[in-house]
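Report on the following structure.
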Amino acid sequence: SLVTNILEFSMAFFYPKLRTLLYTIFLKKFPNDKACADHFFEVRYQNDLKCPHCGETKRVARRSDSIRKCACYNCNNSFSMFKDTIFEKSSASLHVWFFSIHFILNAKKGVSALQLHGEIGGFYKTAWRICTKVREAMGNINHSYLMNEKIEFDGTSILCRAYLLVYLMSLINALTLS
């Protein structure tokens, strides 16, 4: 489930020895762009796609020739399923985006664009743009979702799972920038 995925990825922050294991889990869950697009579609639209042009919900489907595009058979328009998200108008692959988000969220002291560039390869400008967009999305978190109760923990234990779960769910919502 999505909750399990989030907790598995976030635990690398608390248990650095699991970083290699979590990268392996990441590759199993997201082996290619299609798997990333399918996961994104499921989380964002919950299989309830709506045309941004005419508002049609019944005659709208994902296109078979492109993993990023959807088609409305009511108004005959195509649109990106990444509209109004950090992935919009990006030529970088979804696998690179998902790995970058995974890498940034699991870093203990933050990630520079140069460090991300070393991890994903390609151009420095791409790494800089990804870092900037992810940081921007992380700053758009609605903190009203977070718990208001006091949670006590010591330095060797992990945070309360409920607090972590609520924070990560609000982060995922913020990453869609909608």
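Just a few scattered comments:
- Going through (1) open to solvent by less than 80 Å² (accessible area, probe 1.4 Å); (2) at pLDDT below 85 one by one, Asp48 falls short only on (1).
- Taking region 69-178 and the helices (runs of 4 or more DSSP H) fully enclosed by it, the elements with 1 or more residues that are β-branched (Val, Ile, Thr) and at pLDDT below 60 are at 161-175.
- Within region 70-95, residues that are of a type in the set (Asp, Glu) sit with their Cβ atoms under 6 Å from residues that are part of a loop (DSSP other than H, G, I, E, B), at 6+ positions apart or across chains, in these pairs: Asp84/Leu177; Asp84/Ser178; Glu88/Phe82.
- Any chance Lys108 is open to solvent by 40 Å² or more (accessible area, probe 1.4 Å) and more than 22 Å from Lys34 (Cα to Cα): yes
- Taken over region 53-68, the criterion of being surrounded by 15 or more Cβ atoms within 10 Å (Cβ to Cβ) and either under 23 Å from the mean Cα position of the chain (by Cα) or at pLDDT below 85 (or both) is satisfied by Glu56, Arg62, Ile67, Arg68.
- Qualifying positions in region 80-102 - at negative phi and either open to solvent by 30 Å² or more (accessible area, probe 1.4 Å) or touching a His at 6+ places or on another chain (Cβ under 7 Å) (or both): Ser80, Lys83, Glu88, Ser91, Ser93, His95, Val96
- Residues in region 43-68 that are part of a helix (DSSP H, G or I) and either free of Cβ contacts under 8 Å to residues at least 12 places away in the same chain or closer than 30 Å to Lys108 by Cβ (or both): Val43, Arg44.
- Condition broken by Phe26, with the remaining ones in (1) at pLDDT 85 or above; (2) surrounded by 13 or more Cβ atoms within 10 Å (Cβ to Cβ); (3) outside any loop (DSSP other than H, G, I, E, B) satisfied: (1)
The values are calculated or read from the model by the stated rules, or taken from the named source; none is laboratory data. Since the structure is predicted, the reported quantities are computational estimates derived from the model, not experimental observations. In this analysis, Cβ positions are derived from the backbone assuming ideal geometry, glycine residues included, and neighbour counts consider all displayed protein chains. Keep in mind that these areas ignore ligands, DNA and RNA; they rest on the heavy atoms of the full protein, side chains included. Shrake-Rupley method; radii C 1.70, N 1.55, O 1.52, S 1.80 Å.
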